[in-house]
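J.: Sharing a structure here in structure tokens format.
The values are calculated or read from the model by the stated rules, or taken from the named source; none is laboratory data. Because the structure is predicted, anything quoted here is derived from the model rather than measured. Quick reminder, even Gly has a Cβ in these numbers, built from the backbone with ideal geometry, and neighbours come from all protein chains shown. These accessible areas exclude ligands, DNA and RNA; they are computed on the full protein's heavy atoms, side chains included. Shrake-Rupley method; radii C 1.70, N 1.55, O 1.52, S 1.80 Å.
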Amino acid sequence: MKKQGLSGIITRTDSHWIIVCDFDGTISCADVTDTLMEKLGHPDWQLLEKRWINAEIGSRECLSGQISLLDASRQQIDACLDQIKIDPEFCRFARWAKAEAIPLYVVSDGLDYAIERILRNNNIAGLPVIANHLEQVSDRGWRISFPHFSPDCQYASGTCKCRVAKMLNYDEFIAIGDGRSDFCVASIADHVLAKKSLLTHCQKAGIPHTPFNSFREAQACLERLVAKESRLIPSQEIS
Ligand SMILES: [Mg+2]
Ligand SMILES: [Zn+2]
């Protein structure tokens, strides 16, 4: 694994990148869990949200509590998910990554069931989704579990994205995200595409990154990197 970053010196003659992409607020416009809780949860969900925002608890504890406050049938959950919009450029971006043979993983500290449904709604099929597991436990009751939790995660996330990234087979990887769930993975990525609080975090922590607002911009940035790499000029600085 090369630790130099794409902003450093490229000496490889082959490309073995992967993309690790966040979902909530990055692919989707709204945060899925917040949307579900606002419409279908007991109002106490906001107390947990405040504790998470103040970094008193990690997202794992926050999500466990919030999902237990959901009071909704599957039909209601589905109807709510079907209202959630995604970045309209994401579909084109996913097709581009496939055409370039760059594996694209959706790695999220959100809900697997929701992500899979929303991607399907937008005719995006076949993307691996690695996220927390949502299951129905009674007519109106739901539970979340954390198959990708790491006890060592300094952010106490439900899905530790750096643990996931380390398990994926790659030489170099690009992380795309927008928030706190991306902080741990950003520190080990070769390059980060960042917006919102992840952008501020990368700036403060000196993590190599490119700001972006839409997947049109994300694709343009990665196309430049791929084009530069394919020229195979050793010791060429990429800026
Ligand atoms: Mg996010
Ligand atoms: Zn982590």
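J.: Counting each DSSP H run of 4 or more residues in the chain as -39500 (n - 2.57), what helix-only mean residue ellipticity at 222 nm follows after dividing by all residues, to the nearest 500 deg cm²/dmol?
T.: The helix-only estimate for the chain comes to -11000 deg cm²/dmol at 222 nm.
J.: Provide the per-residue ³J(HN,Hα) series for the stretch 101-115, in order, calculated from phi with Karplus coefficients 6.51, -1.76, 1.60 and θ = phi - 60°, each as a whole number of Hz, with x at glycine and proline positions.
T.: For the stretch 101-115, the Karplus curve yields 6, 9, x, 10, 10, 8, 10, 9, 8, x, 10, 4, 4, 5, 5 Hz.
J.: Report the gain in length on full extension from residue 54 to residue 197: 0.36 nm times residue separation, minus Cα-Cα distance, nm rounded to one decimal.
T.: Fully extending the segment from residue 54 to residue 197 adds 50.1 nm.
J.: Quick one: among 226, 106, 20, which has the greatest mean-square fluctuation in a GNM of the chain with alpha-carbon springs under 10 angstrom?
T.: Greatest mean-square fluctuation among the candidates belongs to 226.
J.: Would you mind putting 88-101, 156-169, 53-66 in packing order, based on average other-beta-carbon counts within 10 Å, highest first?
T.: So the peptides 88-101, 156-169, 53-66, ranked by packing, come out 156-169, 53-66, 88-101.
J.: Positive end of the charge dipole of the chain (Lys, Arg +1 and Asp, Glu -1 on Cβ, about the Cα centre): tell me which of 125, 138, 41 has its Cα farthest that way.
T.: Towards the positive end, the residue furthest out is 125.
J.: Additional query: How far is helix 196-205 tilted off the main Cα axis of the chain, in degrees rounded to 10, range 0 to 90?
T.: Tilt of helix 196-205: around 50 degrees.
J.: Give me the extension gain from residue 120 to residue 223: residue separation times 0.36 nm, minus the current Cα-Cα distance, reported in nm with one decimal.
T.: 34.5 nm
J.: Taking the Cα atoms of the stretch 9-237 alone, what are Rg (to one decimal) and Dmax (as a whole number) in Å?
T.: Answer for the stretch 9-237, Rg first and Dmax second: 17.9, 61 Å.
J.: So between residue 82 and residue 188, what do we pick up on full extension, going 0.36 nm a residue minus the alpha carbon distance?
T.: 34.8 nm
J.: Putting +1 on Lys and Arg Cβ atoms and -1 on Asp and Glu Cβ atoms, find which of 96, 83, 113 reaches farthest to the positive end of the dipole of the stretch 59-114.
T.: 96
J.: Based on DSSP, what percent of beta bridges with both residues in the chain are antiparallel, to the nearest 5?
T.: Once the DSSP bridges in the chain are tallied, antiparallel ones form about 30 percent.
J.: Using alpha-carbon pairs under 8 Å, 6+ residues apart, how would you state the relative contact order of the stretch 125-232 in percent?
T.: Rounded, it is 15 percent for the stretch 125-232.
J.: Please report the accessible area of residue 135 (heavy atoms, 1.4 Å probe, ligands and nucleic acids excluded) in Å², nearest 10.
T.: 60
J.: May I pose another question? Evaluate the charge dipole of the stretch 9-237 about its Cα centre and quote only its size in Debye, nearest 20, assuming +1 on the Cβ of each Lys and Arg and -1 on the Cβ of each Asp and Glu.
T.: 280
J.: Enter the accessible area per residue of the chain (Å², integer; probe 1.4 Å; all protein chains in place).
T.: The answer is 47 Å² per residue.
J.: Carbon and sulfur atoms: what percent of the 1.4 Å accessible area of the chain do they account for?
T.: 50
J.: Using a 1.4 angstrom probe on the protein heavy atoms only, could you order 39, 195 from most to least accessible area?
T.: Descending accessible area places them as 39, 195.
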